[in-house]
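Below is one structure, written out as structure tokens; comments come after it.
The values are calculated or read from the model by the stated rules, or taken from the named source; none is laboratory data. All values reported here derive from a predicted model rather than from experimental measurement. Using ideal geometry, Cβ is built from the backbone for each residue, glycine included, and neighbour counts are taken over all protein chains shown. Just the protein is used for accessible areas: all its heavy atoms, side chains included, with ligands, DNA and RNA removed. Shrake-Rupley method; radii C 1.70, N 1.55, O 1.52, S 1.80 Å.
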Amino acid sequence: MKPSLASALFIFLIANICFSQNLVLNGSFEETVTCANDLEKFNKNVKFWNVPTSGSSDLFNDCADFKDVQASDNYQGNQLPFNGSNYAGCYFYGIDDYREYIQGELSEPLVVGSTYKISFQVSLADNSDMALKDLQILFSDSKIKSWGTFHISRKRIRNKKTKLFKIELSNGDYLNDKENWIELSEEFTATEAASHLTIGNFRSNKQTDIKKQRFIPKIRKAYYYIDQVQLIRMDQPIEIEKPKTVIKEIPLEESTFKLNSIYTLKSVLFDFDKATLIEKTTQELDELVTYLKSYSDLKVTINGHTDYLGSAAYNQKLSEDRAKSVADYLINKGVSKDRINYRGYGESQLIDPNEPEDAQAKNRRVEFILSN
């Protein structure tokens, strides 16, 4: 049954409103320089998009004569476009950390403090024997370029001054549907005025949560189709206010600390990916123990933090374990556990998110706050 004129106009208006809200330019990859009649024709062909590494992301389109890159039936399997005539394809997991990515431009920079919703359609290609649990999007304030074909990390990005933040998208299960498109979406608050986004898997093979699929031969690869990338602003700008610290001096002449101030245990360190205190770095904790024993009316809160390597959930657990490790040390040294609270903040409060991957030690820190 054909729709009425009124309903047709309504659908048209809604479609245009939704389209106008999408901040991702050419989100369905329909605008191209030329028809992709060969593999590896995504870069420099899809308008407003590029490939940030030496990897060879693909464009599949109905206009191609070459079967390997046709939208409905190609060298990776069979899938119809979710929207329009084109879609992208990338290896998000491969042997020796091989990765492919796609990087797109936004129509306007993100407003720091404002809430957005990012979404895109994903389908695992038929010729894949691995499936991932989640994918990530890296937002940047300029176009990034990374060395080689490995997973993108801060130390491989050429412009070290680029401001970044990353979000994780998952539907709670492995992304192993080879017949249907699955929508991944996430709401987030912008922490940088990003103008570009990059889609892919930013973890090493060792850090990636994967699941084997029934497929012969075994190639240990996960190739995904991507379509209809959308970014919608959900609210008006909101100002991010830093917590206000009320400072009161301890009413003792020989006091060296102030109440409700944050102090970083600078010499208390942890090895990468560990929650165990490095034995030679506990002198500062011993000084804190002495101070707490001298002022028995004081309480202490221990805050644990991590770097941005690994998943957000993993880092949250690691930060809690690190805070607990310090709390346990104080308790073992004779400070009553009733005077100690501890909590973890994961990677949410980085000192410097722009630090290269090999210089993340200062983000792996523990702080303490004294209170009455």
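Cross-link reach is defined here as a Cα-Cα straight distance under 30 Å, omitting same-chain residues fewer than 8 places apart; for Lys211 the lysines meeting it are Lys41, Lys67, Lys117, Lys133, Lys145, Lys155, Lys166, Lys178, Lys221, Lys274, Lys317.
Could you please put Ser72, Ser56, Ser128, Ser294 in sequence from largest to smallest accessible area, using a 1.4 Å probe? Before the final figure, lay out the partial values.
Numbers: Ser72 50, Ser56 30, Ser128 0, Ser294 80 Å².
Result, largest first: Ser294, Ser72, Ser56, Ser128.
When the expected Rg is taken as 2.2 N^0.38 Å, what fraction or multiple of it is the alpha-carbon Rg of the range 63-203?
On the way: Rg = 15.9 Å, N = 141, 2.2 N^0.38 = 14.4 Å.
Normalised Cα radius of gyration, the range 63-203: 1.10.
Once the C-beta distance of Thr189 and Lys258 is scaled by a Förster radius of 22 Å, the resulting FRET efficiency is 0.10 to the nearest 0.05.
With unit charges on the beta carbon (Lys/Arg positive, Asp/Glu negative), name the residue among Val51, Gln70, Ser114 whose Cα is farthest towards the positive pole of the charge dipole of the range 28-163. Of the candidates, Ser114 comes out farthest on the positive side.
Computed 3J(HN,Hα) for the range 39-45, one whole-Hz value per residue from the Karplus formula 6.51 cos²θ - 1.76 cosθ + 1.60 where θ = phi - 60°, is 6, 6, 10, 7, 5, 6, 10, glycine and proline marked x.
Converting phi to 3J(HN,Hα) with the Karplus coefficients 6.51, -1.76 and 1.60 and the offset θ = phi - 60°, the range 77-87 yields x, 10, 6, 8, x, 6, 8, x, 10, 10, 7 Hz in sequence order, with x at every glycine or proline.
Find how much the distance from Lys155 to Lys206 grows on full extension, using 0.36 nm per residue of separation minus their present alpha carbon separation; answer in nm with one decimal. The partial results should precede the final answer.
On the way: separation 51, 0.36 × 51 = 18.36 nm, distance 1.78 nm.
Length gained, Lys155 through Lys206: 16.6 nm.
Each of Trp147, Trp181 has its accessible area taken with a 1.4 Å probe; listed largest first, they run Trp147, Trp181. An ellipsoid equivalent to the range 132-174, defined through the eigenvalues of its Cα gyration tensor, has semi-axes of 23, 13, 6 Å when rounded to whole angstrom and sorted largest first. When the surface is traced with a 1.4 Å probe over the full set of protein chains, Met130 keeps roughly 10 Å² accessible.
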